[in-house]
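A short reminder: the numbers here are calculations on the coordinates, not readings from a lab. Bear in mind that the values here come from a model prediction, so they are computed numbers and not experimental data. Don't worry about glycine lacking a Cβ; one is built from the backbone with ideal geometry, like all the others, and counts go over all protein chains shown.
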Amino acid sequence: MRKTVFIFAVFILFIAPVVSVYAQENPSTNLKLIPSQERVPQPDRPPILPPEHFIPPIGSPPSSAAPPPAAGNSRPFKAPVITSLERGKWYVQIGAYARADHVEAAINRAGTGVPMVIHSVGTAANPMYRVLLGPFSQSESKTVRQRFRGKGYDAFLRNGN
């Protein structure tokens, strides 16, 4: 902890002022100092975390949950819905959602390059959907997990016992 504080203090006291003076004295460089108040969000850059990871501010009204997919609809999502995992197969979980619109967004974000299923684990009153890639062999699932972790997903393995 002390080492981190020391490094931070050295940066603030010695390195940052030198960079600031250098940027002001050499306008031909590409260094631009932009105060935080003047920074404008860039719409072409995707957010680091998808919107479903953000917690609403205190005092804001809760968003109404989207209704679960209709029970009579055999294909409520773009991916098949299952109620149990295939025995002996491996899956890569890339998300779990209570709202159907969040499931659809996760399906769209993941793309179509790998097989995908929606594992329904909730009840009609409290729906919960796991977005899973697979089924795979154990070695294939590890490869897919690494690929999706590289894309920023907090992916982990599930085994269909």
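Using the Karplus equation 6.51 cos²θ - 1.76 cosθ + 1.60 (θ = phi - 60°), what ³J(HN,Hα) coupling, rounded to whole Hz, does each residue of the range 104-111 give in order, writing x for Gly and Pro?
After applying 6.51 cos²θ - 1.76 cosθ + 1.60, I find 4, 5, 5, 4, 5, 5, 6, x Hz.
Using the Cβ atoms and a cut-off under 14 Å, what net charge is assigned to the surroundings of Gln146, where Lys and Arg are +1 and Asp and Glu are -1?
Residues near Gln146 contribute +3 overall.
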